Amino acid sequence: MNQTRLISVSNREARQTAAVRCACYAVMSELAGSPHDLDPRVSLRDKIDIGTALDYAKGLDALLREFVELDLDKLKYEYSALFEVGGDGPPCPIREDLQTGQRKGTREDLVRFYNYFNYKLEEKFAWAPDHLSVELEFMHFLCYREASAETDATSYQLAQADFSERHLVCWVPELASSVARVASDSIYRRVIDTVDQYLAVDFAWQCGTILTEDKGHEG
């Protein structure tokens, strides 16, 4: 007797949840991006109260209210001190490959995900496909595809869970612990903590919508 594993998605209310989750991932991507590339405060100011539509995203609102009132030079200084500057590399690498000790195949796996779903990195970010901001932006992209799918969105839904499990929920807790040790009072400690908490709850929510059934047949 051989078995076939059937995977389906249910009780997700994708039209509603995907759009909200898409917006949350976009916000987190902006928060984790370098303020040297773009001042995120203008865009983020318009997104305060995004968490009201999703119970487990409420922590984003308090963070956004604090973040948008900070001086840009302060954001640049704290970001560089944690994630960019250091004689032996940054104190807290915000790139998965560096944070996990350059585990073999990390960048290649990320690029396979991006290529399969035709997610195009801007040229200035192509050198760092493992940057936290990029990975969060990719989740935003998958949620957008789920929300806008005219027919079956299952591939985008399963990809979100797969990508989260293989990447984000594996290494972001390490990053959060590292930032807490190095700069417990930094705004970026609160950014990474909030992202880490959101990722854990969102991944659990995703898994709760995915059903696996083993179907036997004669072989």
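Which ones in the stretch 50-66 are more than 20 Å from Ser148 (Cα to Cα) and in contact with a helix residue (DSSP H, G or I) (Cβ under 6 Å, 6 or more places away or on another chain)? Result: Gly51, Tyr56, Ala57, Lys58, Gly59, Leu60, Asp61, Leu63, Leu64.
The C-beta contact set for the stretch 50-74 (first residue more than 15 Å from Glu30 (Cβ to Cβ), second residue surrounded by 13 or more Cβ atoms within 10 Å (Cβ to Cβ) and among the acidic types (Asp, Glu), distance under 8 angstrom, 6+ apart or interchain) comprises Thr52/Asp61; Tyr56/Asp202. Among residues of the stretch 18-39 that are within 16 Å of His131 (Cα to Cα), those with a beta-carbon under 6 Å from a residue that is in a helix (DSSP H, G or I) and charged (D, E, K, R) at least six positions away or on a different chain give the pairs Ser29/Glu137; Pro35/Lys76; His36/Lys76. Select from the stretch 185-213 the residues that are among the polar types (S, T, N, Q) and at pLDDT below 95 and list them in ascending order. Of everything in the stretch 185-213, those that are among the polar types (S, T, N, Q) and at pLDDT below 95 turn out to be Gln206, Thr209, Thr212. Inspect all residues belonging to the stretch 160-177 and state whether any of them is crowded, with 20+ Cβ neighbours inside 10 Å, among the polar types (S, T, N, Q) and in a helix (DSSP H, G or I). So far as the stretch 160-177 goes, yes, one or more of its residues are crowded, with 20+ Cβ neighbours inside 10 Å, among the polar types (S, T, N, Q) and in a helix (DSSP H, G or I). Taking the criterion of being modelled with pLDDT of 90 or more and surrounded by 15 or more Cβ atoms within 10 Å (Cβ to Cβ), the residues of the stretch 108-127 that qualify are Asp109, Leu110, Val111, Phe113, Tyr114, Phe117, Tyr119.
The single condition from (1) within 21 Å of Arg145 (Cα to Cα); (2) out of contact with any Phe, Trp or Tyr (no Cβ under 7 Å at 6 or more places or on another chain); (3) in contact (Cβ under 8 Å) with a residue 24 or more places away in the chain that Glu13 fails is (3). Restricting attention to the stretch 75-95, which residues are in contact (Cβ under 8 Å) with a residue 24 or more places away in the chain and out of contact with any strand residue (DSSP E or B) (no Cβ under 8 Å at 6 or more places or on another chain)? If the condition is that a residue be in contact (Cβ under 8 Å) with a residue 24 or more places away in the chain and out of contact with any strand residue (DSSP E or B) (no Cβ under 8 Å at 6 or more places or on another chain), then Leu75, Lys76, Glu78, Tyr79, Ser80, Ala81, Leu82, Phe83, Glu84, Pro91, Cys92, Pro93 are the ones that fit. Residue under question is Ala180, and the condition is that it be assigned to a helix (DSSP H, G or I), without any contact (Cβ under 8 Å) to a residue 40 or more places away in the chain and over 16 Å from the mean Cα position of the chain (by Cα); does it hold? Judged against the criteria, Ala180 is a match.
The values are calculated or read from the model by the stated rules, or taken from the named source; none is laboratory data. Since this is a predicted model, take the numbers as computed values, not measurements. Glycine gets a Cβ as well: all are built from the backbone with ideal geometry, and neighbour counts include every protein chain shown.
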